[in-house]
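Report on one structure; see the data block that follows.
The values are calculated or read from the model by the stated rules, or taken from the named source; none is laboratory data. The structure displayed is predicted, hence computed values, not measured ones. Neighbour counts are summed over all protein chains in view; Cβ atoms, including those assigned to glycine, are modelled from backbone coordinates with ideal geometry. Protein only, heavy atoms only, side chains kept; ligands, DNA and RNA dropped before computing areas. Shrake-Rupley method; radii C 1.70, N 1.55, O 1.52, S 1.80 Å.
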Amino acid sequence: MKIMSTQKTNKKDSQKMDDSFLDQTLRPRAWDEYIGQKHIKDNIKILLQAALERGHIPEHILFYGPPGLGKTTLAHLIAKETGKQMKITSGPAIEKVGDLASVLTNLSPGDILFIDEIHRLNKMVEEILYPAMESGVLDIIIGKGPSARTIQLDLPPFTLIAATTRVALVSSPLRSRFSGGVFRLEFYSNEEIAKIVERSSKLLEIILDKDALEEVAKRSRFTPRTANYFLKRVRDYAQVNKKSQKEGNQKDLKEKLDKSIVKEALNMLAVDDIGLNSSDRKFLEILIEKFNGGPVGLKTMAAALSEEEATLEEVIEPYLIQLGLLERTARGRVATKKAYEHLGFDMKKVQERLL
């Protein structure tokens, strides 16, 4: 079972650039640095302030939404705001009841326990978690059969923050115990992504002009994690190909990257102007060329692409639907007019094949 612990770090040390912990370095360290998700931030701030004024610990919180939108970052910000230590684990890592008992009994009063991918928690473990969340006690059964007995251990007060990408798989009894709130993280706008990229570029000590920022943002699938990944790859591409220019005084030289460098780097990653990758385009191309734009069933598409059905449903299709390139109908998947135009297909000619 993997458990990580986070504590407060010196402010000066946190500003130092260390490529081995690059993702942590790019992570916002204060509420003002966290861009987007305003409705969640406002609610969390009230929850924390009210708990502080009453002298209580914050109530349990559940965040859900697609990966890369900032669920873990919110948990870190809450821990920093409360000034408490945060223990980090994940649903698959807690395999047995004893694993959970070990984690809970080692918490200090006021600690935050963060469980990522909580929907993958073992059901037996989940049952033990209920009284821990509600009453602050841990019920352990010792022995088997008629001689079995229950021991109840008092736990230190703690706050559970959980995250999941599939909230439908979190059981209703568990969801109902997150009395602090269940919050859905929304996709970001291109303007918000551009602000995130601008902040990250400063931490990476590079300068992007406005057009370059917008180019990264519009290809980032409305997701901060993807935007930061693209930014790092653009920096690497510019460095290896000596494409960047130095700007600033001799003591504070920074790499300057323009739109042309961004386009070259992202084209090399096979990411097009609207953020589609090779898998996304292949999906649409097969749908249009082999199946005349649909409708076609999920199983047929999965077989044609040699992909698992879950991969199509959870990874490829959501972004295509969000962009209006794909429709899910009762009869199957259908490519929209916008998909034909983006890939350069003549919709009339494709439809003539059916006649």
Not counting ligands, DNA or RNA, and with a 1.4 Å probe, what is Tyr130's accessible surface area in Å² rounded to the nearest 10? 30 Å²
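Provide the net charge surrounding Pro157, with neighbours chosen by a C-beta distance below 12 Å and charges set as Lys +1, Arg +1, Asp -1, Glu -1.
Net of charged neighbours comes to -2.
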Computed over all unlike Cα pairs, the Kirkwood hydrodynamic radius of the range 192-244 in Å stands at 10.8 Å
For Asp111, what accessible surface area do you get with a 1.4 Å probe? Give it in Å², rounded to 10. 10 Å²
What does a probe at Ala30 reach in the range 165-201, counting residues whose amide N is under 20 Å from the point 7 Å along Cα→Cβ? 195-201
So the FRET efficiency between Glu314 and Lys337, C-beta based with R0 = 30 Å and rounded to 0.05, is 0.75
Counting other Cβ atoms within 10 Å, keep those with at most 14, restrict to DSSP loop, and tell me which trypsin sites (Lys or Arg not before Pro) in the range 131-235 are left. Lys144, Arg166
Cα extents of the range 69-227 along the principal axes, largest first, in whole Å, come to 72, 32, 24
At 10 °C and 1.306 mPa s, the Stokes-Einstein diffusion coefficient in µm²/s for the range 181-336, with hydrodynamic radius from the Kirkwood sum on alpha carbon pairs, is 92 µm²/s
Taking the Cβ of Glu313 as the centre, find all other residues whose Cβ is under 15 Å away and add up their charges (Lys, Arg: +1; Asp, Glu: -1). -3
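Looking at the calculated P(r) for the range 149-225, what percent of the C-alpha pair distances fall above 20 Å?
The calculated P(r) of the range 149-225 puts 57 percent of pairs beyond 20 Å.
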Quote to one decimal, in nm, the extra length available between Ala303 and Glu289 on full extension: 0.36 nm per residue of separation minus the C-alpha distance between them. 3.5 nm
Once label points are set 7 Å from the Cα along Cα→Cβ at both Asn43 and Glu134, what is their separation, rounded to one decimal in nm? 2.3 nm
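Relative to the present Cα-Cα distance, how much length would full extension add between Ser108 and Glu53 at 0.36 nm per residue of separation? Don't skip to the answer; put the middle values down first.
Working: separation 55, 0.36 × 55 = 19.80 nm, distance 2.05 nm.
So the chain would gain 17.8 nm between Ser108 and Glu53.
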Ratio of alpha-carbon Rg to the 2.2 N^0.38 Å globular estimate for the range 88-141, to two decimals, please. 1.04
Using the Karplus curve 6.51 cos²θ - 1.76 cosθ + 1.60 with θ = phi - 60°, what ³J(HN,Hα) values do you get for each residue of the range 50-59, in whole Hz, with x for Gly and Pro? 5, 5, 5, 5, 7, x, 10, 7, x, 6
